[in-house]
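Trainee: Below are the structure tokens for one structure; questions will follow.
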Amino acid sequence: MKAIHYQNFVNKMDDVFQTYAEKTAIVDYVSEEIVKRYSYEELFEYAMQVKMALARQNVITKERVAVLAKPSAYSAMLLLSLSYLGYVAVLLDLSLSLEERSRALEEAEPSAIITTEKLLSSLENKLWSSHPVFCLRGAEGISLTNPDHKAWEKSELPRNEDVIAMIYATDTNAGVQCAEVTCQEMAFYASFSAQYAEYDAKARFLHILPQTQVAGYTMLFINFLQGSEMAFVPEISNDSLTMGLRAYEPTHLVMLPKVYETIRKKIETEIEERPKGAQLLFHSCKALSSTVRRVTGRGMKHLMRPFYASAFGRNIQVIGCEAAPCPVETVCFFQDMGIDFLNMGGSTEHQAFFKKGKDAK
């Protein structure tokens, strides 16, 4: 793949904004009954609001902006906007302690901080006095919360122009680590997904991954660059996942391996509780679907839909793992059900990408 630099990346985003202006980009499930939709044109307008708010505080492009927020439709809109506008998003996993967050902010040297109303009180006093602090205000963009902050001295350290995010998260072996994400990597993953995960503008993706982790952040741009649609639920929980699958009925879904294990066991239990005739029908259909898949490479979604619809909805086409590989037996189970499974956690390209992210400083 040819080298992709920041301006190439922005040009790609510009093309998406223009091509899919009237198409839905973001779907926010406040609840099953309350659903808000935002088009690509509205997402562009949101980015312009963020640009003006930062510019008023002399936060210019190529500078770093720290984001402390729980995953939501609006944090997704903010992260997409920051990269489009040329800022480097500094993401802090909220599971980090206050001390770890403070050290990460000191190391990253952001020019501004954006957080939510609930998390404002977690900021140290010295940050309030030395940096512009913005509050995430839903579809209205961001607003300054400390207009009396003092002027701060900006760092003049040399930086990689193609880095669009710095993600601070806990590493099980080495404590808090920083992964730098570049526009080259985003472009690679968008291309990879289009080729292997049947991604295009018709895709409907239910986004339930933490955006403060590389996998969740990456999926924002994979969907955006394809002109796809992304839906978000109120929180990352079993209840919200179930609601999202039932109400949204996505075509694409990426989750952790353990969630697929749970769903597989649930389907198997439901089949075991059915009459013998229904059990025989399931195993016969699954055997036929498995044979057809192994011979032709094609799944029999229509045949198996009555058995997986209660778990994934009627429209599911592709499911997969990002941060870790899923057990082979689980992958085969869902493939035999007629669903394509992209086990990205086990791919050589994926492992190289995440190793590079872990090693970045």
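The values are calculated or read from the model by the stated rules, or taken from the named source; none is laboratory data. Just so we're clear, the structure is a prediction, and the values are computed from it rather than from any experiment. Cβ atoms come from the backbone with ideal geometry, glycine included; neighbour counts cover every protein chain shown. Each accessible area value is taken on the protein alone, full model and side chains, heavy atoms only, with ligands, DNA and RNA left out. Shrake-Rupley method; radii C 1.70, N 1.55, O 1.52, S 1.80 Å.
Trainee: Identify, please: which residue in segment 277-325 is under 33 Å from the mean Cα position of the chain (by Cα) and of a type in the set (F, W, Y) and is, among those, farthest from I208 (Cα to Cα)?
Mentor: F307
Yes/no matrix, rows are residues, columns are (1) touching a strand residue (DSSP E or B) at 6+ places or on another chain (Cβ under 9 Å); (2) of a type in the set (D, E); (3) modelled with pLDDT under 95:
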position: I4; (1), (2), (3): yes, no, yes
position: D14; (1), (2), (3): no, yes, no
position: V35; (1), (2), (3): yes, no, no
position: A47; (1), (2), (3): no, no, no
position: V59; (1), (2), (3): yes, no, yes
position: K62; (1), (2), (3): yes, no, yes
position: K70; (1), (2), (3): no, no, yes
position: S75; (1), (2), (3): yes, no, no
position: L80; (1), (2), (3): yes, no, no
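Trainee: Is it fair to say F205 is aromatic (F, W, Y), over 21 Å from R103 (Cβ atoms), open to solvent by less than 40 Å² (accessible area, probe 1.4 Å) and in contact (Cβ under 8 Å) with a residue 12 or more places away in the chain?
Mentor: Working: aromatic (F, W, Y): yes; over 21 Å from R103 (Cβ atoms): yes; open to solvent by less than 40 Å² (accessible area, probe 1.4 Å): yes; in contact (Cβ under 8 Å) with a residue 12 or more places away in the chain: yes.
When the stated conditions are applied, F205 passes them.
Trainee: Name the residues in segment 89-104 that are touching a helix residue (DSSP H, G or I) at 6+ places or on another chain (Cβ under 7 Å) and open to solvent by 10 Å² or more (accessible area, probe 1.4 Å), would you?
Mentor: L98
Trainee: Tally the residues that are open to solvent by 20 Å² or more (accessible area, probe 1.4 Å) and either without any contact (Cβ under 8 Å) to a residue 24 or more places away in the chain or not in a helix (DSSP H, G or I) (or both), restricting the search to segment 57-88.
Mentor: 10
So that you can scan it fast, the table gives a plain yes or no per residue for (1) under 17 Å from F221 (Cβ atoms); (2) more than 16 Å from the chain's Cα centre (by Cα):
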| site | (1), (2) |
| --- | --- |
| L78 | yes, no |
| L85 | yes, yes |
| S97 | no, yes |
| E100 | no, yes |
| A108 | no, yes |
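Trainee: Still on this model: Give me a count of the residues in segment 22-31 that are without any contact (Cβ under 8 Å) to a residue 60 or more places away in the chain and crowded, with 17+ Cβ neighbours inside 10 Å. Reasoning before the result, please.
Mentor: Start the filter on segment 22-31 by keeping residues that are without any contact (Cβ under 8 Å) to a residue 60 or more places away in the chain, which leaves 22.
Narrowing the set further to residues that are crowded, with 17+ Cβ neighbours inside 10 Å leaves none.
Count: 0.
Trainee: Another one. Residues that are within 30 Å of L123 (Cα to Cα) and at pLDDT below 90: list the helices (runs of 4 or more DSSP H) wholly contained in segment 146-255 that include at least 2 such residues.
Mentor: Working: elements: 183-196, 214-226, 238-248.
Answer list for segment 146-255: 214-226.
Trainee: Could you name every one of the helices (runs of 4 or more DSSP H) located completely within segment 291-361 that has at least 2 residues being modelled with pLDDT of 80 or more and β-branched (V, I, T)? I'd like the intermediate steps shown before the answer.
Mentor: Details: elements: 301-312, 328-336, 348-359.
In segment 291-361, 328-336 are the helices (runs of 4 or more DSSP H) which contain 2 or more residues that are modelled with pLDDT of 80 or more and β-branched (V, I, T).
Trainee: Take N223 and decide whether it is within 24 Å of K12 (Cα to Cα) and without any contact (Cβ under 8 Å) to a residue 40 or more places away in the chain.
Mentor: Values: within 24 Å of K12 (Cα to Cα): yes; without any contact (Cβ under 8 Å) to a residue 40 or more places away in the chain: yes.
Yes.
So that you can scan it fast, the table gives a plain yes or no per residue for (1) more than 18 Å from the chain's Cα centre (by Cα); (2) in a strand (DSSP E or B); (3) buried (at least 22 other Cβ atoms within 10 Å of the Cβ):
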{"site": "E33", "(1), (2), (3)": "yes, no, no"}
{"site": "R37", "(1), (2), (3)": "no, yes, no"}
{"site": "L43", "(1), (2), (3)": "no, no, yes"}
{"site": "Q49", "(1), (2), (3)": "yes, no, no"}
{"site": "M52", "(1), (2), (3)": "yes, no, no"}
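Trainee: Here's a follow-up. Working only within segment 111-142, note down all residues that are open to solvent by less than 30 Å² (accessible area, probe 1.4 Å), part of a helix (DSSP H, G or I) and touching a residue at least 60 places away in the same chain (Cβ under 8 Å).
Mentor: G138
Trainee: Something else now. Could you grab me the full set of residues in segment 12-31 that are assigned to a loop (DSSP other than H, G, I, E, B) and either of a type in the set (S, T, Y) or under 14 Å from E235 (Cα atoms) (or both)? Give the steps one after another, and end with the answer.
Mentor: The initial filter retains those residues of segment 12-31 that are assigned to a loop (DSSP other than H, G, I, E, B), namely 20-23, 30-31.
Of everything in segment 12-31, those that are assigned to a loop (DSSP other than H, G, I, E, B) and either of a type in the set (S, T, Y) or under 14 Å from E235 (Cα atoms) (or both) turn out to be Y20, V30, S31.
Trainee: Can I ask one more? Which number in (1) of a type in the set (V, I, T); (2) farther than 28 Å from I164 by Cα; (3) under 14 Å from the mean Cα position of the chain (by Cα) marks the one condition that I267 misses?
Mentor: Here I267 meets the rest and fails (3).
Trainee: Here's a check for you: in segment 188-198, which residue that is in contact (Cβ under 8 Å) with a residue 60 or more places away in the chain and more than 15 Å from the chain's Cα centre (by Cα) is surrounded by the most Cβ atoms within 10 Å (Cβ to Cβ)?
Mentor: Top of the filtered list is A197.
Trainee: Can you tell me which residue within segment 239-296, out of those that are farther than 20 Å from C321 by Cα and small (G, A, S), is surrounded by the most Cβ atoms within 10 Å (Cβ to Cβ)?
Mentor: Ranking the qualifying residues of segment 239-296, first place goes to S289.
Trainee: Next question. Among (1) in contact with a strand residue (DSSP E or B) (Cβ under 7 Å, 6 or more places away or on another chain); (2) more than 30 Å from F9 (Cα to Cα); (3) aromatic (F, W, Y), where does F307 come up short?
Mentor: (1)
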